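This is the structure, below, for whatever I ask next.
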Amino acid sequence: MAPEIRKVDDSDLTDWSVALNTGFLRPPEAGKEEVDIRRAQIGAELDRVQGAFDRGRCVATYRSFAQRLTAVGGAEVAADAISNVSVSPTHRRQGLLSRMVDRDLRAAKERGELVASLIAAEYPIYGRYGFGPATWAALWRVDVARAGLDARYSGPACGGRVDFADGAEVRELGPALHDRLRARQHGAIDRRELWWRMNTGLLTFPFHQWTEPFYVVYRSPDGSVDGLLAYISDDKWEGKRPHDTAKVLGMLAVTPAAERALWHFLFSVDWVTHVTTGYRPPDDALPLLLGDPRAAQVMTYADFLWLRPLDVPALLEARTYPVAGSLVLELSDRAGLAGGRYLLDAGPDGASCAPTTRSADLTMDIAELGTLWLGDESAVRLAALGRVTEEREGAAALADLLLRTSRRPWCPDIF
């Protein structure tokens, strides 16, 4: 008999957590502490947790939860966030993930969520379910000695200040700062209260070794908290010479002054010879902040947030557009959830999108719309790859004028 796919109840959480750890190559065990944290993560959304069970053993896991995602222009849209996906090696290639994804996406559409989101562990998995990579991330390693910043730096020249903080202050100040960031950063997602507890050490999984970070807050000249930095450092010396690397765990900055001040601070910390930036926007200003941009070496450049449209008209109407234009999009969707032909009429004053019988201007899979919606990718480039078909000459260029953004989207969070 094929494994049974079903919703998980509270009594299943230990077995479900063991299966999740097995899939992620962690020790196949789950004690009470870990299960309690899982229970807190899930909260009131237990009906969105699935498992595959074979002869009483959980062999695949899947969880989704409600998420708020920032569209181009700052509006929030309801998203179906997918996480904790695993299939045990003994049950791979049996269609378990496909069955769980299908159940979840259909339920999400019924709930009225406009899009599904996830961070893909591996690139090839999710395209077949209609997901496309919508944001990318970069990580730099900076040689501080080559960075070319003023070695005499002693604080922000703008009149602001940089102060150390502790976890309690971060839990107090961080949520409002993050809300300010995601109101202006397309691609950003909301953070629940539990996120702040887990990322300041109040709750940690047993398989994660917690190291207390340094927390740094930037306050503008008027006293507002405009930036927050968390980092750790190793303690490495060679021949009486320090070779410490500061590793950024996260940085939030809602003004250019805050961002510059926090980077200047970190590059001025004694004994730190290298800085790894953590995941940053792929067009981050950091390299150009340095006197020698070559001091910032790209260590990672990869896809990050993936999106799967569920309600095309509402999704396209939720974002803003810099110019006026009309496009007819023919979208194929093998799952039958969001395909069809749609007329988009858009401009600086708003947009409307509805099914139409007009001839298509562009034809594509629903996954390509997921890639284009946040403004990162070029329809012209996708057309060159054969992933978008231009039915009317110039339609791909018009799509770029309508959809692309001056700064690239960014999602600061793994979930």
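The values are calculated or read from the model by the stated rules, or taken from the named source; none is laboratory data. No experiment lies behind these values; they were computed from the predicted model shown. Glycine gets a Cβ as well: all are built from the backbone with ideal geometry, and neighbour counts include every protein chain shown. Just so you know, the surface numbers come from the protein's heavy atoms only, side chains and all, with ligands and any DNA or RNA stripped out. Shrake-Rupley method; radii C 1.70, N 1.55, O 1.52, S 1.80 Å.
Name the single residue, out of those in the stretch 1-13 being surrounded by fewer than 17 Cβ atoms within 10 Å (Cβ to Cβ) and of a type outside the set (D, E, K, R), that is farthest from the chain's Cα centre (by Cα).
This residue is Met1.
Looking only at the stretch 137-159, count how many residues are assigned to a loop (DSSP other than H, G, I, E, B) and either closer than 13 Å to Gln297 by Cβ or in contact with a Lys or Arg (Cβ under 6 Å, 6 or more places away or on another chain) (or both).
1
Working carefully through the options Gly31, Gly56, find the one that is open to solvent by 30 Å² or more (accessible area, probe 1.4 Å), of a type outside the set (S, T, N, Q) and without any contact (Cβ under 8 Å) to a residue 24 or more places away in the chain.
Exactly one of Gly31, Gly56 is open to solvent by 30 Å² or more (accessible area, probe 1.4 Å), of a type outside the set (S, T, N, Q) and without any contact (Cβ under 8 Å) to a residue 24 or more places away in the chain, namely Gly56.
Further question on the same structure: Any residue at all in the stretch 342-355 that is more than 27 Å from the chain's Cα centre (by Cα), surrounded by 15 or more Cβ atoms within 10 Å (Cβ to Cβ) and of a type in the set (Ser, Thr, Tyr)?
yes
In a helix (DSSP H, G or I), closer than 24 Å to Ser332 by Cα and modelled with pLDDT of 95 or more: does that describe Arg106?
So Arg106 fits the description; yes.
Take Pro282 and decide whether it is open to solvent by less than 40 Å² (accessible area, probe 1.4 Å) and in a loop (DSSP other than H, G, I, E, B).
yes
Can you name the residue in the stretch 91-129 that is of a type in the set (Val, Ile, Thr) and out of contact with any Ser or Thr (no Cβ under 9 Å at 6 or more places or on another chain) and is also nearest to Val312 (Cα to Cα) among such residues?
The qualifying residue nearest to Val312 (Cα to Cα) is Val115.
Which helices (runs of 4 or more DSSP H) sit wholly inside the stretch 297-403 and have at least 2 residues that are touching a helix residue (DSSP H, G or I) at 6+ places or on another chain (Cβ under 6 Å) and under 21 Å from Gly130 (Cβ atoms)?
Output list reads 366-372, 379-385, 395-403.
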